[in-house]
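Here's the structure we're looking at; comments come further down.
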Ligand code: SF4
Ligand code: SF4
């Protein structure tokens with residue numbers, strides 16, 4: 001049976017170093033959600049990615065994501081796919097030492113349902 005990691009909203013993944021990549025569609029959605037033009041959103045909340053191939057969310061001076069506010073994601077309803085996909089569709093060796101998501105053995109049909117709900121994506125288990 002597949003393992004589904006149930007996020008506990010501890011926000012560790014919003015605070016560790018790295019970059020949250022943004023697609024053009026995500027820029028459009030998040031800008032609209034914040035009531036900003038795309039130009040203003042890009043100026044205020046994004047930076048060039050390390051590979052210079054696109055944009056990523058800006059960090060606060062303390063390294064947290066710019067949208068982490070009071071222990072919550074300020075753009076939860078439209079947060080980037082990269083955030084939605086962690087840790088079930090991507091993670092890294094040892095992530096469990098920091099991420100508090102609870103691993104649960106679930107039937108394959110339930111796994112696919114949970115993935116759809118959490119990530120918006122369809123994915124088989126093989
Ligand atoms: S956009 Fe939201 S979920 Fe993604 S890292 Fe920032 S605060 Fe966390
Ligand atoms: S995915 Fe993990 S690190 Fe991120 S908020 Fe959920 S439990 Fe915390």
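The values are calculated or read from the model by the stated rules, or taken from the named source; none is laboratory data. Please read these numbers as outputs of a predicted model, since none were measured by experiment. With ideal geometry, Cβ positions are generated from the backbone for all residues, glycine too; neighbour counts draw on all protein chains shown.
Couple of notes before you dig in:
- Residues of segment 1-31 satisfying the condition of being without any contact (Cβ under 8 Å) to a residue 24 or more places away in the chain and either assigned to a helix (DSSP H, G or I) or under 11 Å from the mean Cα position of the chain (by Cα) (or both): 24, 25, 28, 31
- Sole residue being in contact (Cβ under 8 Å) with a residue 24 or more places away in the chain and more than 14 Å from ligand 2 (Cβ to nearest atom), chosen from 123, 116, 84: 123
- Within segment 42-88, the set of residues being in a strand (DSSP E or B), more than 10 Å from ligand 1 (Cβ to nearest atom) and surrounded by fewer than 18 Cβ atoms within 10 Å (Cβ to Cβ) comprises 47, 48.
- Taken over segment 89-111, the residue count meeting the criterion of being assigned to a loop (DSSP other than H, G, I, E, B) and touching a strand residue (DSSP E or B) at 6+ places or on another chain (Cβ under 7 Å) is 2.
- Filter result for residue 40 (over 17 Å from the mean Cα position of the chain (by Cα), more than 13 Å from ligand 2 (Cβ to nearest atom), at pLDDT 95 or above and more than 20 Å from residue 3 (Cα to Cα)): yes
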